[in-house]
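Report on one structure; see the data block that follows.
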Amino acid sequence: MAEKRDYYEVLGLDRDASGDDIRKSYRKLARQYHPDVNKESDAEQKFKEVKEAYDTLSDDQKRATYDRYGHVDPNQGFGGGGGDFNGGFGDIFDMFFGGGGRRDPNAPQRGNDLQYTMTIDFKEAVFGVEKDITIPRTENCDTCDGSGAKPGTRPETCTICRGTGQQEVAQNTPFGRIVNRRACTNCSGTGKVIKDRCSTCGGAGKVKKQRKLHVKIPAGVDEGAQIRMSGEGESGTRGGPPGDLYIVLRVKSHDFFERDGDDIYCEVPLNFVQAALGDEIEIPTLTEKVKLKIPAGTQTGTYFRLKGKGVPKLRGYGQGDQHVKVTVVTPTKLSDEQKELLRQFAGDSLKSPSQDQEHHESIFDRMKKAFRGE
Ligand SMILES: [Zn+2]
Ligand SMILES: [Zn+2]
């Protein structure tokens, strides 16, 4: 396995980056490398790398551990190897002496965790959604109840290793005699031999199934969020508990709204008469249209805040805000009347404003009429 890159390097950040920096960088890179969008061959790998870096650095506790100790084996405590990680000195022993067979082959083993990627719409992420999914997963065979033996029979204890699943091989070395353990060749390390195999699973005890699940996505989830469905991973072995299913969410972008955390951003065009004289305009929010008062003399690029019109907070109460950026659009096609009014306006602007206030206002009124409907 290639050496892992530093998480900060992956996200292009300094070590003192704020939580906000981390989130922003992650969102940018996740979009860039998203396998649905990026068809380069290493996009998926990069996406995973970015995701992993984010998962660690966005969690204060994991980040602190990472800052102190660097990369930790991601399988630790994750159950990826079947939930049989128990730490301690046994593993170090195995590492030096090539063991790997010290575990009791008859001990129950937890099933593997599974991961499922689900793409949902922008508004589904905001308001939550319930979906039915079908996942392929390995389950215990119903016919033999996971034993692999034909119904009515049982797997028998291996006579070669007497059920330990291991054979010892002695070897003379310059350091003395070393006893190596290896998996029993008669029973492949399982400690059991099946004489009459179950015809459904061929003795494996497991079958692949397409399992339908109902998933509830809570309101307020965002790109990359994970939902853990406890016990919905693969079946355990010899009575071990099943693994978990992790649903990783991808959120589609929206034509009008953009999202940053719990806040929503959108951009609305104004014609220059509206900007100059003020107006009341309708703004679509996530749930309804609301009226927004544009004050006279509004400049292009100004933001207005619609409080509480953002995304419901995933944890805790309340919601974010909607930020409306107005862009003043300069007209490209003008009627003769509009041109004439603009010329008069330009001429007026050269005089001092107080000079002919009434005339000035009447021009604005006429412009309002002439440019309405743009
Ligand atoms: Zn079976
Ligand atoms: Zn054996």
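Values in this text are rule-based calculations from the coordinates and carry no lab data. Since we're looking at a predicted model, the values are computed, not measured. Backbone-built Cβ (ideal geometry, glycine too); neighbour counts: all protein chains shown.
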Leading residue at positive end of dipole, the chain (Cβ point charges), from V129, T330, H214: H214
Ranked list, fewest to most other Cβ atoms within 10 Å of each Cβ, for D121, D222: D121, D222
Dipole magnitude of the chain, debye to nearest 20 (Cβ charges: Lys/Arg +1, Asp/Glu -1, about Cα centre): 1580 debye
Spatial separation of Cα centroids for region 128-202 and region 207-285, in angstrom: 41 Å
FRET efficiency estimate (nearest 0.05) - Cβ-Cβ, R68 to H254, R0 41 angstrom: 0.55
Helix 88-97 axis, angle to the chain major axis (alpha carbon atoms, nearest 10°): 70 degrees
Reciprocal mean inverse distance between Cα atoms of region 95-214 - Kirkwood radius, Å: 17.9 Å
Label-to-label distance, nm, for residues given as Q115 and A219 (7 Å Cα→Cβ offset): 3.0 nm
Value at 222 nm in deg cm²/dmol, rounded to 500, when DSSP H runs of n ≥ 4 in the chain each add -39,500 (n - 2.57): -8000 deg cm²/dmol
On Cα atoms only, tilt of 19-33 relative to the major axis of the chain in degrees: 80 degrees
Inter-label distance, nm, simple model (7 Å from Cα along the C-beta direction), E168/R228: 4.0 nm
For region 1-74, alpha-carbon Rg over 2.2 N^0.38 Å: 1.08
Least to most buried among R315, R137, R238 (fewest other Cβ within 10 Å first): R315, R238, R137
Net lengthening on full extension, K209/D142 (0.36 nm per residue, minus Cα-Cα): 23.0 nm
Extreme residue, positive dipole direction of the chain, given options T287, Q299, T164 (C-beta unit charges): T164
Entries of K206/K313; K252/K368; K51/K309 with Cα pairs more than 31 Å apart: K206/K313; K252/K368
Bridge type composition, the chain - antiparallel percent by DSSP, nearest 5: 75 percent
Charge-dipole axis of the chain as Lys and Arg at +1 and Asp and Glu at -1 on Cβ define it, positive-most pick from Y69, G224, T185: T185
Projected label distance in nm at K325 and Q299, using a 7 Å step from Cα toward the beta-carbon: 1.5 nm
Rg/Rh ratio calculated on Cα atoms of the chain (Kirkwood radius): 1.22
Residues N106 and D196, FRET efficiency given R0 of 22 Å [Cβ-Cβ distance, rounded to 0.05]: 0.65
Cα long-axis angle, helix 43-57 against the chain (0 to 90 degrees, to the nearest 10): 90 degrees
Qualifying GluC sites (Glu not before Pro) for region 1-64 [loop in DSSP, other Cβ within 10 Å: at most 12]: E3, E40
At R0 = 56 Å, FRET efficiency that the Cβ-Cβ distance of S362 and K24 yields, to 0.05: 0.65
No Cys partner within the rule (Cβ under 4.7 Å), the chain: C266
